[in-house]
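The values are calculated or read from the model by the stated rules, or taken from the named source; none is laboratory data. Source: prediction; values computed, not measured. Cβ placement follows ideal geometry from the backbone for every residue including glycine, while neighbour counts extend to all protein chains displayed. The accessibility values were calculated without ligands, DNA or RNA, using every heavy atom of the protein model including side chains. Shrake-Rupley method; radii C 1.70, N 1.55, O 1.52, S 1.80 Å.
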Amino acid sequence: QVQLVESGGGLVQPGGSLNLSCVVSGSMFDLGRMGWYRQAPGKQRELVAATTNLGRTVYGDSTKGRVTIARENAKNTFYLRLNNLKPADTGVYSCRGVAGFTGADYWGQGTQVTVSS
């Protein structure tokens, strides 16, 4: 059973940067796609960024140009960095992994990020 656990959320000032980590229990190599999503109060969940084992990366419309997603296989961890934060970036950020062979979909519990001065 794969489990994902996020860390790194909290209060961040506008214009600052956000760094999140997602630790994968079980083999990260089983995950064909890994990504970060967020949900603001009263809004639908949206893509922040996602990447595949083949190196293809997609970005959300509101985060394109400000976001980096990376993985570190030796630590079974993937990361998110979001720069130039705005209050509109506030929300619950969740990591997601999709198994390449089975299509099983795994989500972390989410971490709150609040952008405010």
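In whole Hz, what ³J(HN,Hα) sequence does segment 46-56 give by Karplus (6.51, -1.76, 1.60; θ = phi - 60°), x for Gly and Pro?
9, 6, 9, 6, 8, 9, 10, 5, 8, x, 7
Considering only the other residues whose Cβ falls under 11 Å of the Cβ of Arg45, what net charge follows from Lys and Arg at +1 and Asp and Glu at -1?
+2
Which net charge results for the neighbourhood of Thr111, defined as the other residues with beta-carbon distances under 12 angstrom from its beta-carbon, given Lys and Arg at +1 and Asp and Glu at -1?
Neighbourhood net charge equals 0.
Rank Thr77, Gly91, Val24 by how far each Cα sits towards the positive end of the charge dipole of the chain (+1 on Lys, Arg Cβ; -1 on Asp, Glu Cβ) and give me just the farthest.
Ranked along the dipole, the leading option is Gly91.
Leaving out ligands and nucleic acids, and using a 1.4 Å probe, what accessible area per residue does the chain come to in Å²?
54 Å²
Within segment 21-89, what whole-number % of the accessible surface is contributed by carbon and sulfur, with the 1.4 Å probe and all protein chains included in the calculation?
Here it works out to 51 percent.
How big is the dipole moment of segment 52-117 about its Cα centre under a simple scheme where the beta carbon of each Lys and Arg is +1, that of each Asp and Glu is -1, and everything else is neutral? Debye, nearest 20, please.
That gives a dipole near 180 debye.
Size of the dipole of the chain about the Cα centre, Lys and Arg at +1 and Asp and Glu at -1 on the beta carbon, nothing else charged, in debye to 20?
Charge dipole of the chain: 220 debye, to the nearest 20.
Looking at the P(r) of segment 1-42, how many percent of alpha-carbon pairs lie beyond 17 Å?
It works out to 46 percent of all Cα pairs.
How high is the relative contact order of the chain, in percent, with contacts defined as C-alpha pairs under 8 Å that are six or more residues apart?
37 percent
Pairwise over distinct Cα atoms, reciprocal of the mean inverse distance: report the Kirkwood radius of the chain in Å, one decimal place.
Answer for the chain: a Kirkwood hydrodynamic radius of 14.1 Å.
Distance between Cα centroids, segment 49-65 to segment 9-44: provide it in whole Å.
12 Å
Under 9 Å from the Cβ of Leu20, count the other residues' Cβ atoms, weight Lys and Arg +1, Asp and Glu -1, and hand me the total.
0
Sort the following peptides by mean Cβ neighbour count (other Cβ atoms within 10 Å, averaged over residues), highest first: 89-95, 20-26, 8-14, 53-59.
The packing order, highest mean first, is 89-95, 20-26, 8-14, 53-59.
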